[in-house]
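What follows is one structure encoded as C-alpha cells, with my remarks underneath.
The values are calculated or read from the model by the stated rules, or taken from the named source; none is laboratory data. Note that the structure is predicted; figures quoted are calculated from it, not measured. With ideal geometry, Cβ positions are generated from the backbone for all residues, glycine too; neighbour counts draw on all protein chains shown. For accessibility, only protein heavy atoms count, side chains too; no ligands or nucleic acids. Shrake-Rupley method; radii C 1.70, N 1.55, O 1.52, S 1.80 Å.
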Amino acid sequence: LGLGCLEPGTGWWKSMETINVFARIRPLSARETAEGEERAVVAKVKESTVSVSTCYGGGDNERAFRFERVFNESATQAEVFGVACAPLVACVLKGQNASILTYGQTGTGKTHTMLGHDVWALAAECERAAVDRSGEGTRGLIPRAMACLFGALRQARAQAVVKVTYVEIYNGVHFSPG
C-alpha cells in the first residue's frame, strides 16, 4: 500500500470531524444462488444509494437509502480500504482518534470486510499478512490498516504508542479479545 494510501481523498470525504457512512453489498452466496434466491438489495454506485425491495401486504415497495459511497458486489477489499479506511489511518498518524464500525444482520459480510475472507489463515500467517502490501487479496480493513499504520511509522522511524481495541457483539453478547 505504501504512503500513497495515507492521503485523504477529495470530493466525497466531508471532514474528519463528521461521521461518514458507507454501504457494501455482498454477492449472493453459492447456497443462495443454488436455491434460486433473488437479490433484495440493489446498489446504485453512481447515485450512492442502496435500494431495498420489500414485499409487505402483497405489494412491492422499494426504499432507497443514500450514503457517502456505495460499494457493489464486485468491490475489492483494497478498494474499500482505500476509500473508507486509509483516510482514517492518515488522521491517526496525525494524532487523532479514529473508529470503524460495521453493522448489519448475520451473514451480511461484516467479518469479511473487517478481517478478510479466511480469518483463521490470517491469524496463522499474521506476519506474512502484515508484509503483503500488494493491495491484492482478501485481507480486510483491520490487517490493511495495521500494515499501513506500522509501515508508515517504520518508514518515518517514529516512536509511537498505539492502542487498538477490537470489540464484537454477537446476539447481544460482548466479545473482546484479551
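Quick rundown of the values:
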{"item": "Exposure of ARG154 as accessible area (Å², to 10), given a probe of 1.4 Å and all protein chains", "result": "150 Å²"}
{"item": "Simple spin-label estimate for GLU62 and ARG154 in nanometres, 7 Å along Cα-Cβ", "result": "4.8 nm"}
